[in-house]
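Trainee: This is the structure I have questions about; it appears just below.
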Amino acid sequence: MKKAQIRTKSLDRTLTRGVKIIKGRNCKMNNEWRTILKFVIISGTGWIMDFGIYSSLVAYAVFSPLYSNLISATIAITFVFFISIYKIFLKQRRFVLGGFFIYLIYQALSIFLFSYLIDMTSDFIMIHYLLASNISSILAKCIMTPVTLATNYLFMRFLIVKLLGTKEKDQ
């Protein structure tokens, strides 16, 4: 009988330790998902700004998708940087100008690359699916959005955590 009790206590301790380990991992994972969700919400707001400006420039000002995206994305990334830096990534409010300069360099390259890809995708859609220029431009922007969201999040994390050596905010 005593051996069974000892085994039960040993099993209980093992299970308790296992649950603590799992909870610790879940906590980290939940914080990671919370961080990603916050970034998606802030970036989504920036994307709405970006998309509204982009659509207006394509439809009413008759700018090409390339120039429309350059203008709208520049405005949106500035918004996303400052909001996400304070609401998600930094515990201390420091380095903002230096970090913003690095972020602007990355975004300049990213915006030019994705503007080019949007322009090419728009032309492809327009030629192969015979859609109007402004409709194909908007579809092309929608197609590229998930890719830009993912690359922006990864770069922002890299910038804050690795490059600048600061820690993320506690959730």
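Trainee: With the checklist (1) part of a helix (DSSP H, G or I); (2) at pLDDT below 85; (3) open to solvent by less than 60 Å² (accessible area, probe 1.4 Å); (4) closer than 30 Å to Asn30 by Cα in hand, flag the one item Leu66 doesn't pass.
Mentor: With respect to (1) part of a helix (DSSP H, G or I); (2) at pLDDT below 85; (3) open to solvent by less than 60 Å² (accessible area, probe 1.4 Å); (4) closer than 30 Å to Asn30 by Cα, Leu66 is out only on (4).
Trainee: Ok, one more. Being out of contact with any Phe, Trp or Tyr (no Cβ under 9 Å at 6 or more places or on another chain), at pLDDT below 85, open to solvent by 60 Å² or more (accessible area, probe 1.4 Å) and assigned to a helix (DSSP H, G or I): is that true of Tyr86 here?
Mentor: Against the criterion (out of contact with any Phe, Trp or Tyr (no Cβ under 9 Å at 6 or more places or on another chain), at pLDDT below 85, open to solvent by 60 Å² or more (accessible area, probe 1.4 Å) and assigned to a helix (DSSP H, G or I)), Tyr86 qualifies.
Conditions tested, residue by residue: (1) open to solvent by 60 Å² or more (accessible area, probe 1.4 Å); (2) under 24 Å from Phe81 (Cβ atoms).
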site: Ser115; (1), (2): no, yes
site: Thr121; (1), (2): no, no
site: Ile125; (1), (2): no, no
site: His128; (1), (2): yes, no
site: Ala132; (1), (2): no, no
site: Ser137; (1), (2): no, no
site: Lys141; (1), (2): no, yes
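Trainee: Restricting to the range 95-107, name every residue that is in a helix (DSSP H, G or I), out of contact with any Phe, Trp or Tyr (no Cβ under 7 Å at 6 or more places or on another chain) and modelled with pLDDT under 90.
Mentor: Within the range 95-107, the subset in a helix (DSSP H, G or I) is 96-107.
Those left that are additionally out of contact with any Phe, Trp or Tyr (no Cβ under 7 Å at 6 or more places or on another chain): 96-99, 101-102, 104-105, 107.
Those that are in a helix (DSSP H, G or I), out of contact with any Phe, Trp or Tyr (no Cβ under 7 Å at 6 or more places or on another chain) and modelled with pLDDT under 90: Val96, Leu97, Gly98, Gly99, Phe101, Ile102, Leu104, Gln107.
The values are calculated or read from the model by the stated rules, or taken from the named source; none is laboratory data. These numbers come from a predicted model, not from an experiment. Please note: Cβ atoms are built from the backbone with ideal geometry, for glycine as well, and neighbour counts cover all protein chains shown. Calculation scope for accessible area: heavy atoms of the full protein, side chains included, ligands and nucleic acids excluded. Shrake-Rupley method; radii C 1.70, N 1.55, O 1.52, S 1.80 Å.
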